[in-house]
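Take a look at the structure set out below.
Any read-out appearing in this document is the output of simple, stated calculations on the displayed coordinates, not a laboratory observation. What you see is a predicted model, and the numbers here were worked out from it, not measured in a lab. For neighbour counting, all protein chains shown are included, and Cβ atoms are generated from backbone atoms with ideal geometry for every residue, glycine included.
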Amino acid sequence: MSRLDPQRWRPAPFLPRRDARDSALIFVIAVLCFLACLTALGVIAADRAAQGWTDQLTGEMTVIVRPKANETPDTAAARAAETLAGVEGVAEVRAIEREKAEALIAPWLGDAADLADLPVPRLVAVTLAKEAPATADALTRALRARGLDAVVDDHSAWMADIQRGAALARWVGLGVFAVITAAAAAVIAFATRAGLAARREVVELLHHTGAEDRFIARLFQARFARMAATAGLIGAAAAALLGAGLRLAGGGQGLSPVLPVAWSDLLAVLPCPLAAALVAALAARLTATALIRELS
């Protein structure tokens, strides 16, 4: 049978289905997708932790009670607790023992401080009702009406710090996503440029025989989009497996109370293959179109 038998002979495709450099490119994009998915999981977990701390602080207040000259600190704390228990919108009031109060301030004063000789104020923990909770002003008015020297801390400063930290985590996550996207686009652009350079003569021939620029660019776009989707699937799967491992290792609170990972967080990796394919397709098309125009 002749070598030119049309049943056996097929023209070589413009872009081969497999290339020796494909494995390295897929590996690089998969690593970038893996890092992007881990960033998403971290941002979601940090936001959940911040929301949990904010909800906890919103439902509680702390009252600092200073005894007057004619009463002991324990007596002043007991009077404050009794007073606050009758305020509408308060669910529970508990006077904190001196030992616990000293344990709270010991890290700020150091081990050398003799807390027994210091006038440590008493603390009263107030749990607010979930529906129609009492305000700090209402608690302050009730304490003043009983002649108590006390300061109500509604934890607003702590909640502001937590919210700023959560916002910072989100912005950092967006910054990481932007860097990873730019890196992936640069890798695809480099691979597209290399592919066009290796087929420069063929591209020129196709261009001069009437092939449109967008037709040639579409070939690179489809090829690298498929590769990026495969790499994105690999990276997302690896991130999901790591997230599942952290969830199992952390028990009921996920990785830790600081970074709680939930099973539903693993769904965040699902858009990764599609996002990787879109970034690769756009980068390949823009790069190929620009280079083909330079050749024309």
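At 0.36 nm per residue, minus the direct Cα-Cα distance, what do residue 82 and residue 138 gain on full extension? Give it in nm, one decimal, please. Numbers along the way, then the final one.
Values: separation 56, 0.36 × 56 = 20.16 nm, distance 1.47 nm.
Taking residue 82 through residue 138 to full extension adds about 18.7 nm, to one decimal.
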Using 0.36 nm per residue, how much length does the chain from residue 282 to residue 214 gain when fully extended, once their Cα-Cα distance is taken away?
-> 23.2 nm
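Please give the length that would be gained between residue 160 and residue 99 if that part of the chain were fully extended, namely 0.36 nm times their separation in residues minus their C-alpha to C-alpha distance (nm, one decimal). Walk me through the numbers before you get to the answer.
Details: separation 61, 0.36 × 61 = 21.96 nm, distance 2.88 nm.
So the chain would gain 19.1 nm between residue 160 and residue 99.
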Going by how many other beta carbons lie within 10 Å of each one, how would you line up 161, 265, 154, 137, fewest first?
-> 137, 161, 154, 265
Sequence of 278, 267, 291, 246 once ranked by neighbouring C-beta atoms within 10 Å, starting from the fewest | 267, 278, 246, 291
If each residue's Cβ is checked for other Cβ atoms within 10 Å, how do 72, 192, 62 rank with the fewest at the top?
-> 72, 62, 192
